[in-house]
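Below is one structure, written out as structure tokens; the observations come after it.
The values are calculated or read from the model by the stated rules, or taken from the named source; none is laboratory data. The shown structure was predicted, so the numbers you read here are calculated from the model rather than taken from an experiment. Here the Cβ is made from the backbone with ideal geometry for all residues, glycine too, and neighbour counts use every protein chain on show.
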Amino acid sequence: MRFLLISAAKDLRRRLADLPGLAVWLGIPIVIGTLMTLAFGGDNAVPKAHVLLADEDDSLLGRLAAGASSGEGGNYLDIERVTADDGRKRLDAGEGSALVILPKGLTDAVLNDTPATITVVTNPAQRILPEVVRTGVEMLVEALFYLQQIAGESLRTFVKTPQDAQGFFADAIVSGFSGDLNKRLRALQPVLFPPVLSLETTGDSPASGRPDFASLLVPSMLFMSLLFIGRGFSDDLWEEREAGTLRRAVVAPHSTRAFLGGKLVAGALFMGAISLAGLLVTVPLAGVSWLRLPPALLWCAFTGTALISLFTTLQFLASTARGANILTTMVLFPLMMLGGSFFPFEAMPRGMAAIGRLTPNGQGVAQLSAILTGQTDPAALAIATLAIGLPALGFFLLSARLLRGRFTTGV
């Protein structure tokens, strides 16, 4: 045990002495988490379409549209009243997502069921927001059409009725209009109000019926980092071989298992530190409870150490440092692609996802997702622990045996 601790302390001192390399390793999860924050928006701000509205009719419809930006529509639309000429100039200058022109006589056209043209000019420099405006105008036209079909006659009668001196309609006129509209809606009830449908949704996230941000991207990005770092940590064997420390470890009166065990202990501490850095960045972004951080950290450190054991064995199997680099790369990228690091399992074909969940990092991604979303199954976690831990132990014992062979002597 004493030699194991000495070996671990030696590796820790060597790693801490390489500050640039340590900064790169610690920076991988932090950079990835920061990029995720920028990509998804830490403040959850909703992009707004800047609509330039030219109401040449000075209609009630135009006034209602202009006021939409202060209501629910304000979450998606920023409507500014302008003249048609000014709106075209500003749109040409790149200001705004779209210009909407309500033509003169629009109100009369709606009331009298006569043609009218609402003009929409979009900003070609934008793609999504102008389409939002265009779709909104199309929905408005559809709504006006059905309003005309349902209440057009009543509206025409109502508007043609003279008002009193104060600008109000008589009570009998208002009640008659309401009663007539109610009769029409009652007659159309089977069409407008069909029987309520029962909708049942299923998915990985019981709260929303679909996988959420925490269950998809955070585990994938973290394990991408752990795979790169596990591979990089194992590369140190070739440096020690060139320095002769591996040969001295073999001839020393201590077991090679203690020597490699010290390396794994140092690797576990580094994996824990790196996982902590990544989780501190991504957990707030994912909206995960801080109470789930300790088990998530322990799981990342455990699985990351198992990955170091895997890549250590691969290093021993190669005859040159270049060959080891090629071999570990050939294993690294398929593991990332199959194991849910490049693409979440939910976005992969079922057959490929089933295979990916059997890989060490695939099981790690699945269980980390369950921990972060509070859906941990103790039995599944225990099975994953054995499925990852037992092969890692086998790789460790094989590496200890290979350490005394041709790798150390260089023959």
For this session: Taking only segment 243-267 into account, find how many residues are touching a residue at least 40 places away in the same chain (Cβ under 8 Å) and closer than 27 Å to residue 19 by Cβ.
Result: 11
Problem set entry | Pair list, Cβ under 7 Å, 6 or more apart: segment 67-86 residue closer than 16 Å to residue 133 by Cβ, other residue among the polar types (S, T, N, Q) and at pLDDT below 70 | 77/69; 78/69; 79/69
Exercise. How many of the residues in segment 371-393 are surrounded by 19 or more Cβ atoms within 10 Å (Cβ to Cβ) and either without any contact (Cβ under 8 Å) to a residue 40 or more places away in the chain or of a type in the set (Val, Ile, Thr) (or both)?
Worked result: 4
Problem set entry | Checking residue 368 against (1) over 12 Å from residue 220 (Cα atoms); (2) modelled with pLDDT of 85 or more; (3) crowded, with 21+ Cβ neighbours inside 10 Å, the condition it does not meet | (1)
Exercise. Can we say residue 326 is in a helix (DSSP H, G or I) and exposed (fewer than 14 other Cβ atoms within 10 Å of the Cβ)?
Worked result: yes
Exercise. Identify, please: which residue in segment 115-153 is without any contact (Cβ under 8 Å) to a residue 24 or more places away in the chain and in a strand (DSSP E or B) and is, among those, surrounded by the most Cβ atoms within 10 Å (Cβ to Cβ)?
Worked result: 120
